[in-house]
Amino acid sequence: MTEEQGGGAPDPLVSIVVVTYNSARTVGETLSSLSKQTYPEDRYEVVVVDGGSSDDTEEIVTEYGAAFHLVDNGTIGVCRNHGIDAAEGEYIAFTDSDCAVPATWLRSLVDRIVDADDHIAGIGGPNRPFPDDPAFAKLVGSLQGTVFGSGGSPQSHTIDRVREVRSVACCNVIYDATILEEYRFADDINVGEDAEFHFRLSEDGYRFLFDPAIAVSHHLSADFAAFTRKSRSYGYSMARIQRRHRKLIRWYSPLPSAALFGGIGALIADLTSRRARYAPLLALTYLFVSAYATVQVYRDRRSPLAAFVPLLLAAQYSFYGIGFLEGLTAIDPVPQELP
């Protein structure tokens, strides 16, 4: 029987879009969690958009009865837009194919968005490591929940109440479908497409509600190599996005690159003058930052692995900074005009 909202009106129809690529290992877990929602099963649909997988992703999606759409060589932006086009709901939710959502996920998102003000484009929440993920992934999750590991984004554990924010992660979000009739993701962006999309919305006065209680599980980087690759790709993408708009999307995005230049410059200056002046000052600053992050991670994880936070933070900043410089200097095609 269909659950009804106050006043006897039926629950709104919701479309859940899952973008995937070679996700045979994890997409079943995602779809299984979506099939167990407390939201009435006849009031939501699941649309999977695949960017051209070469594994068994399609077969697994078919087993769960979700609608499957193939977009060969599609970027994440293209796939998200295709999912929007295929969706029939009054609201459109997104999660990723390496996530799992709690049974109350859709119910919680809908209850918040139906009562939201007109300037609220969507509702989102945090993403946390799976309980059975490797210890390294859990360490990364705790690090990215600190102000220095997340840049103060809504993913940070310091945000412990419902509040308005300018952006949320697209692995845990619901939009009013009318917003998506006017605004679309950038087709040419494959990483950071949600940050760019939400920036345009925020520039036009829209905001998101971030609810720390509406969390999803997300498989984070399982080893050091994957962690550094992801950090570098984020840096590259943020530079490209800021080149597109010719302004800072996030105030902290150039800081890792500036720190790289500053550290190298300080070392050269001290070696040239044969006096230790600038490099020790920068080192002390980093020690303070990393110590603060280490304490936060230890409080969250209660694990001696928190001792590795200074190394992880240095790697994250370094590879992000390298990627950012690469993105600034890359020769890209002229970006498309976006609504």
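The values are calculated or read from the model by the stated rules, or taken from the named source; none is laboratory data. Every value quoted in this text rests on a predicted model; they were computed, and no experiment measured them. Cβ sites come from the backbone with ideal geometry, for glycine too, and all protein chains shown count toward neighbours.
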Only one of (1) without any contact (Cβ under 8 Å) to a residue 24 or more places away in the chain; (2) in a helix (DSSP H, G or I); (3) within 29 Å of Leu139 (Cα to Cα) is not met by Arg240, so which one is it?
-> (1)
When (1) within 24 Å of the chain's Cα centre (by Cα); (2) within 30 Å of Glu182 (Cα to Cα); (3) without any contact (Cβ under 8 Å) to a residue 24 or more places away in the chain are applied to Lys230, the one that fails is (2)
Selected residue (criterion: farthest from Ile322 (Cα to Cα)) from residues of segment 245-282 that are assigned to a helix (DSSP H, G or I) and β-branched (Val, Ile, Thr) = Thr272
Considering every residue within segment 111-131, establish whether at least one is assigned to a helix (DSSP H, G or I), in contact with a helix residue (DSSP H, G or I) (Cβ under 6 Å, 6 or more places away or on another chain) and either under 19 Å from Thr38 (Cβ atoms) or at pLDDT below 95 (or both).
-> no
Just one of Gly7, Gly83, Gly74 is part of a helix (DSSP H, G or I) and modelled with pLDDT under 95; which is it?
-> Gly7
Asp85 passes all but one of the listed conditions (1) in contact (Cβ under 8 Å) with a residue 24 or more places away in the chain; (2) over 20 Å from Glu164 (Cβ atoms); the exception is number (1)
Checklist (1) outside the structural domain of Gly77 (by TED's automatic domain parsing); (2) part of a loop (DSSP other than H, G, I, E, B) applied to Ile214, failing item | (1)
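Residues are listed down the side, and each one gets a yes or a no for (1) in contact with a Ser or Thr (Cβ under 8 Å, 6 or more places away or on another chain); (2) not charged (D, E, K, R):
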position	(1), (2)
Asp11	yes, no
Ser15	no, yes
Gly28	no, yes
Leu31	no, yes
Leu34	yes, yes
Tyr39	no, yes
Does Glu41 count as among the charged types (D, E, K, R), in the same structural domain as Val19 (by TED's automatic domain parsing), surrounded by fewer than 19 Cβ atoms within 10 Å (Cβ to Cβ) and touching a residue at least 60 places away in the same chain (Cβ under 8 Å)?
-> no
Any chance segment 55-64 includes a residue that's closer than 20 Å to Phe185 by Cβ, surrounded by 22 or more Cβ atoms within 10 Å (Cβ to Cβ) and of a type in the set (A, V, I, L, M)?
-> no
Phe185 of a type in the set (Phe, Trp, Tyr), closer than 23 Å to Gly235 by Cβ and in a loop (DSSP other than H, G, I, E, B) = yes
